[in-house]
Amino acid sequence: MLLVDLAVPRDIDAKVESLDGVYLYGVDDLQSVIEENLAQRRQAAVEAEIMVNQLATELMTQQKVKQAGATIHAYRDHGETLRQEELSLAMQRIAKGEKAETVLAEFSHRLTQKLLHPTSIVLREAAKAEDPTYFELLQEELGNVVAKRRKSRHSF
């Protein structure tokens with residue numbers, strides 16, 4: 001039997017609780033249940049806020065990666081356009097009778113300069129920044145590319 005005594009002072013004698021199968025709750029008992037429920041709700045709200053922040057961060061990261069993909073695609077298209085332009089010029093020069101070795105050397109030099117120029121600018125700007133983290137990341141990644149290239153050259 002469940003007895004709830006909401007009167008102040010109590011109407012039901014506390015000795016009733018000693019009887020088998022009888023549960024007596026007063027205003028104080030209900031207040032502690034309410035406080036416990038509120039504490040659980042506050043904790044759940046904190047956990048929900050953490051989850052929402054994590055999901056928002058993941059969504060922003062995915063959005064940045066998607067934008068990076070579009071930028072990378074445009075950059076590669078630009079590189080291909082430069083390659084085609086330089087190749088066309090080289091082919092015209094060879095057709096006019098210039099030495100192929102000279103034309104190819106100049107072709108490779110010009111194409112390399114045009115392709116690496118934007119990277120050089122980004123590196124210079126990153127080096128000027130107050131926070132060295134971005135520059136260090138670029139330096140490390142470019143160093144890895146160079147090291148891989150050297151390693152692959154020596155593996156023949």
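The values are calculated or read from the model by the stated rules, or taken from the named source; none is laboratory data. Here the structure is a predicted model, which means the values were calculated and not measured. Because the Cβ atoms are built from the backbone with ideal geometry, glycine has one as well, and the counts that use them run over all protein chains shown. Calculation scope for accessible area: heavy atoms of the full protein, side chains included, ligands and nucleic acids excluded. Shrake-Rupley method; radii C 1.70, N 1.55, O 1.52, S 1.80 Å.
Brief remarks follow.
- For first residues located in segment 131-142 and within 14 Å of SER120 (Cα to Cα), partners that are of a type outside the set (A, V, I, L, M) and surrounded by 10 or more Cβ atoms within 10 Å (Cβ to Cβ) and lie 6+ apart or on another chain with Cβ distances below 9 Å form the pairs PHE135/GLU125; LEU138/THR119; LEU142/THR119.
- Close pairs from segment 16-29: first closer than 11 Å to LEU2 by Cβ, partner of a type in the set (Val, Ile, Thr) and open to solvent by 50 Å² or more (accessible area, probe 1.4 Å), Cβ under 6 Å, at least 6 apart: TYR25/VAL4
- Residues (exposed (fewer than 11 other Cβ atoms within 10 Å of the Cβ) and either closer than 26 Å to VAL122 by Cβ or not polar (S, T, N, Q) (or both)) located in segment 82-99: GLN84, ALA95, LYS96, GLY97, LYS99
- Residues of segment 43-92 satisfying the condition of being more than 26 Å from the chain's Cα centre (by Cα) and of a type in the set (Val, Ile, Thr): THR81
- Selection within segment 3-62 - assigned to a loop (DSSP other than H, G, I, E, B) and out of contact with any Asp or Glu (no Cβ under 7 Å at 6 or more places or on another chain): LEU6, ALA7, VAL8, PRO9, ARG10, ASP13, LEU19, ASP20, GLY21, VAL22
- Residue in segment 103-112 that is of a type in the set (A, V, I, L, M), over 35 Å from the mean Cα position of the chain (by Cα) and not in a helix (DSSP H, G or I) present: no
- Residue match in segment 32-55 (condition: under 30 Å from GLU136 (Cβ atoms), of a type outside the set (A, V, I, L, M) and either at pLDDT 95 or above or surrounded by 10 or more Cβ atoms within 10 Å (Cβ to Cβ) (or both)): yes
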